[in-house]
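Asker: Before I ask anything, let me first share the structure, which is written out below as structure tokens.
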Amino acid sequence: MHGLRIVFLKEILENIRDRRTLWSALLFAPLFGPLMFAGMISLILNKSVKESDEALTLPVAGASNAPHLVGFLESMHVTVQRVDYDDQSARRAIRDGKERLILIIPANYGERLTSAVPAPVYLYADGSNSNNSKYANQARQTLGVYGRIIAVMRLQIRGINPAVVSPIVVQDVDVSTPAGRALLVLGMMTYFVMFAMLMGGLYLTIDATAGERERGSLEALLTTPIGRDVLIYGKILAACFYMLVSLAISLAAFSICLRFVPLEQLGMTTNFGPLVAFKMLLVAAPFVLLGAALMTVVASFTRSYREAQSWLTFVLLVPTMPVVFAGLLSVRPSLPLMALPSMSQHLLMTSLLRDESLPLDYLLVSVLSTLFFGVILAWIAGRLYRREAILG
Amino acid sequence: MIEALALHKRFGAVTAVSDVSFVARDGAITGLVGPNGAGKSTTLRMLYTVLRPDAGSAKIDGIDVTEDAIGARERLGVLPHAAGLYPNLTGRENIRYFGALHGLDPASLEARVDELVRLLDLATVADRRAKGFSQGERVKVAIARALVHAPRNLILDEPTNGLDVMSIRTLRELLRRLRDAGTCILFSSHVMQEVSALCDTAIVIGHGRVLAQGTLDVVRSQAGAENLEDAFVALLASAPEIR
């Protein structure tokens, strides 16, 4: 184990001095996720809160044809702009982006309304612009409310209970807890955490395998009286060290960043305190060995630093795939799934975020199976280094 | 002592080394000479255990390289053809890493590194990172790295590549001193002056075979030539290619 320690310490030292490794392992990867994440959520929250509060501005042509309707719109906090458009000029104004919306009330509106035949009003909007269609919907809803009020009044005048035209009423009952709701947003967090962890070991792995070969230091290293498998185990352990550091920084950054995100505005809370962050670290840590060994195995097939880089960035996606799938298909934790590395880490971390208790057998299966796959891959890496082709 | 016993090595359809046998004695400098692609590096790689011979064997101080590769490596100092350093480690740290891998204890390792820095005139590069080294500086540190555990046997693959005249002289002096102390030195070269200047014994290798071997006089007379360069050319011309 003497040789293992020496190789480990040397890789640690050499990579501390490598700016690229240090940047990606300790700064870029662990902080990129949390910062982008927090920024994204803040932006979304601010936007949706702002927009729902914003008063609708509605240019209305022919407002004098429907003074009661215009009065209602104004009572609903719609800013009515009296404008002068006909069909042609309204189309042009929308197409040129001069107006977002235009409501045209035709001259026969009042006459049709009083004779109880459907009275058309024309709402001009650009349906291909999703931003503007939101305003169109808001206007449509407000106009719909007005229409329903008129309908109810007409029924009451005729002595009919307005309830007869509403045979079914759908009531939404939202049973999600605040933490559960936040989870929809936080679901992708485990992805960032796993990604940061893998990035932490990426450059060290490339440098220790393809890089060492390309530089021509590998052959000399292989002439020392240390078994080739021991050399590669030492390198894998050094990658594990950096990955653990990345993982820890990433989780710490998340727990700090999320404090500044106004999740409460959407009725969400998150229990992501230091204790949960620490538990997540323990849950994710076994994957470090698997990730380091996997990257080493792939890198040892490549012929150059560049080739290793392009292959490994691809490999980075593989362990994060289950996270995406689980997110899309809303997979629930189950014992067999705990045997699936990366999937089990995602599910367990998500459970921690949900504030659910972790069954001990789930935890045990996850840790043991992940470590098992990690050891197998490390062993394969050791075997690969015994090949002569490793010299390139 | 380094012994090659009927070494064979093929890469796919190409026979790189065929039936190569020789002995490099202790206290002697043995030169392995041949043109580019003659099989010098492949032969040396089998001797320092990074390649396995397809047939035949090799012994370092009587230890078979295929049976006890680690034991053989303990007795070997090696300067491979591609002698890269770790760019983010200093010259001293590069040497120290190999000493540690050879199991030297920290105190004697420091003393040994200091000694090598003095012997190979490395004071200017010892505490700089290897990133900015010149080719010559790199080779000198790589040689120091090969010598760090004071090996009884030394294998150098084209050690004078990239060295200036002064460095070559320093290296020659060092190799002679090591020889006089009883070290077995085997080095390869395609430069005839190098071999004439340094070697006690020469092994001429071409097309993967040993064409002649012995003292320089023996090699010259075997080829019927005046000087070593002519002998070398004559031997190669008469050697059939093998495939």
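Every read-out reported here was derived from the displayed coordinates using simple, explicitly stated rules and does not represent laboratory data. Only a predicted model underlies this, so the values are computations on that prediction, with no experimental measurement involved. Virtual Cβ from ideal backbone geometry, glycine too; neighbours counted across all protein chains shown.
Asker: So if we plug the beta-carbon distance of A:R386 and A:E356 into 1/(1 + (r/R0)^6) with R0 = 51 Å, what FRET efficiency do we get, rounded to 0.05?
Answerer: Numbers: r = 46 Å, r/R0 = 0.89.
That gives a FRET efficiency of 0.65.
Asker: Also, quick follow-up: How many nm is it between the label spots at B:A225 and A:R154, if each spot is 7 Å from the Cα in line with the beta carbon?
Answerer: 11.5
Asker: B:L156's amide H: which non-local residues (gap 5+, or another chain) put their own amide H closer than 5 Å, with H modeled 1.01 Å from N in plane and none for Pro or chain starts?
Answerer: Close amide H contacts, sequence-distant or interchain: B:L79, B:L186, B:F187, B:S188.
Asker: Using a simple spin-label model with points 7 Å from Cα along the Cα→Cβ vector, what separation in nm is obtained for A:F278 and B:A123?
Answerer: 5.5
Asker: Which of B:L235, B:T30, B:A107 sits farthest toward the positive end of the charge dipole of chain B, with +1 on the Cβ of Lys and Arg and -1 on the Cβ of Asp and Glu?
Answerer: Looking along the dipole axis, the top candidate is B:A107.
Asker: Sequence-distant or interchain residues sharing an amide H contact under 5 Å with A:Q81, placed H: which?
Answerer: Residues meeting the criterion, in which the H sits 1.01 Å from N, are A:L58, A:V60.
Asker: Rank A:L113, A:V83, A:T57 by how far each Cα sits towards the positive end of the charge dipole of segment A:33-170 (+1 on Lys, Arg Cβ; -1 on Asp, Glu Cβ) and give me just the farthest.
Answerer: The Cα lying farthest towards the positive end belongs to A:L113.
Asker: With bins 5 Å wide starting at 0, give me the P(r) of segment A:276-392 over every alpha carbon pair, in whole percents.
Answerer: All Cα pairs, binned at 5 Å, distribute as 2, 12, 19, 20, 17, 12, 9, 6, 3, 1, 0 percent.
Asker: Going by alpha carbons, how many degrees (0 to 90, nearest 10) lie between the helix axis of A:29-53 and the longest principal axis of chain A?
Answerer: Between helix and principal axis, roughly 10 degrees.
Asker: About the Cα centre, and with charges only on the beta carbon of Lys, Arg (+1) and Asp, Glu (-1), how big is the dipole of the protein assembly as shown? Nearest 20 debye, please. Working shown, then result.
Answerer: On the way: 61 positive and 56 negative charges, 206 e Å.
Using only the charged Cβ atoms, the result is roughly 1000 debye.
Asker: Then there's this: If you average the sequence gap of Cα pairs under 8 Å that are 6 or more apart and divide by the length of segment A:273-392, what percent do you get for the contact order?
Answerer: That works out to 41 percent.
Asker: Here is a follow-up. Quick check on the exposure proxy: order B:H81, B:H207 from fewest to most C-beta atoms within 10 angstrom.
Answerer: Taking fewest neighbouring Cβ atoms as first place, the list is B:H81, B:H207.
Asker: Mind checking the mean number of beta-carbon atoms from other chains within 10 Å of the Cβ atoms in B:71-77?
Answerer: Neighbouring Cβ atoms belonging to other protein chains average 2 per residue here.
Asker: For chain A, take the longest principal axis of its alpha carbons; what is the angle in degrees between that and the long axis of helix A:305-317, to the nearest 10 within 0 to 90?
Answerer: Around 50 degrees separate the two axes.
Asker: Given an 8 Å cut-off on Cα distances and at least 6 residues of separation, report the relative contact order of chain B as a percent.
Answerer: Relative contact order of chain B: 28 percent.
Asker: Please give the average number of partner chain Cβ atoms lying within 10 Å of the Cβ of each residue in B:91-101, rounded to a whole number.
Answerer: Neighbouring Cβ atoms belonging to other protein chains average 4 per residue here.
Asker: What percent of all Cα-Cα pairs in segment B:13-101 falls into each 5 Å bin, going from 0 up to the bin containing the maximum distance?
Answerer: Here the calculated profile for segment B:13-101 is 3, 11, 19, 22, 19, 14, 9, 3, 0.
Asker: Could you tell me the center-to-center distance, by alpha carbons, between segment A:279-337 and segment A:232-255 in angstrom?
Answerer: About 14 Å separates the Cα centre of segment A:279-337 from the one of segment A:232-255.
Asker: Need one number: convex hull volume per residue for the protein assembly as shown, Cα atoms only, in Å³.
Answerer: So the per-residue Cα hull volume is 240 Å³.
Asker: Kindly identify segment B:138-243 as rounded, prolate or oblate by the Cα gyration tensor criterion: order the square roots of the eigenvalues as a ≥ b ≥ c, call it rounded if a/c is under 1.5, otherwise compare a/b with b/c, prolate if a/b is larger, else oblate.
Answerer: prolate
Asker: Please compute, over every Cα-Cα pair in segment B:69-187, the percentage with a separation greater than 21 angstrom.
Answerer: Counting pairs separated by more than 21 Å, the tail of P(r) holds 31 percent.
Asker: Here is a follow-up. Any chance you could check the Cα centroid distance between segment B:203-238 and segment A:74-128 for me, in angstrom?
Answerer: Cα centroid to Cα centroid, the span is 103 Å.
Asker: Going highest first, how would you order A:211-219, B:173-181 by mean Cβ packing within 10 Å?
Answerer: A:211-219, B:173-181
Asker: Under the Kirkwood approximation for Rh and a Cα-based Rg, what ratio Rg/Rh is obtained for segment A:75-123?
Answerer: On the way: Rg = 12.8 Å, Rh = 12.3 Å.
When Rh is taken as the Kirkwood radius, the ratio is 1.04.
Asker: Under 17 Å from a point placed 7 Å out from the Cα of A:L329 along the Cα-to-Cβ direction: which residues of segment A:346-374 have their backbone N that close?
Answerer: From segment A:346-374, the list is A:346-348.
Asker: Using label points projected 7 Å from each Cα along Cα→Cβ, tell me how many nm separate B:A237 and B:N161, to one decimal.
Answerer: 2.9
Asker: Which order do the peptides A:142-149, B:135-142, B:229-236, A:6-13 take when ranked by the mean count of other beta-carbon atoms within 10 Å per residue, highest first?
Answerer: Ranking the peptides A:142-149, B:135-142, B:229-236, A:6-13 by packing returns B:135-142, A:6-13, B:229-236, A:142-149.
Asker: Keeping to pairs on different chains or 8 or more places apart, tell me how many lysine pairs in the protein assembly as shown have Cα atoms under 28 Å apart.
Answerer: 17
Asker: Please identify the chymotrypsin sites (Phe, Trp or Tyr not before Pro) of segment A:81-138 that satisfy two criteria: DSSP loop assignment and at most 10 other Cβ atoms within 10 Å. Which are they? Could you put the intermediate results ahead of the total?
Answerer: Numbers: sites: A:Y85, A:Y109, A:Y122, A:Y124, A:Y135; in loops: A:Y85.
Of the chymotrypsin sites (Phe, Trp or Tyr not before Pro), not one in the loops of segment A:81-138 has a Cβ with at most 10 other Cβ atoms within 10 Å.
Asker: For segment A:351-392 and segment B:26-83, write down the distance between their C-alpha centroids in whole Å.
Answerer: If you average the Cα positions of each part, the centres end up 38 Å apart.
Asker: A further question follows. For chain A, calculate the relative contact order in percent as a whole number, restricting contacts to Cα pairs under 8 Å that are 6 or more residues apart.
Answerer: 21
Asker: Something else: I'd like the Karplus ³J(HN,Hα) series for segment A:88-95: coefficients 6.51, -1.76, 1.60, θ = phi - 60°, whole numbers in Hz, and an x wherever there's a Gly or Pro.
Answerer: Each residue's phi maps through the Karplus curve to give 4, 5, 5, 4, 5, 4, 5, 5 Hz.
Asker: Additional query: Find out how many positive minus negative residues lie around B:S21, taking Lys and Arg as positive, Asp and Glu as negative, among other residues whose Cβ is under 12 Å from that of B:S21.
Answerer: Counting the neighbours of B:S21, the net charge comes to 0.
Asker: Here is a follow-up. So between A:R5 and A:F260, what do we pick up on full extension, going 0.36 nm a residue minus the alpha carbon distance?
Answerer: Between A:R5 and A:F260, full extension yields 87.6 nm more.
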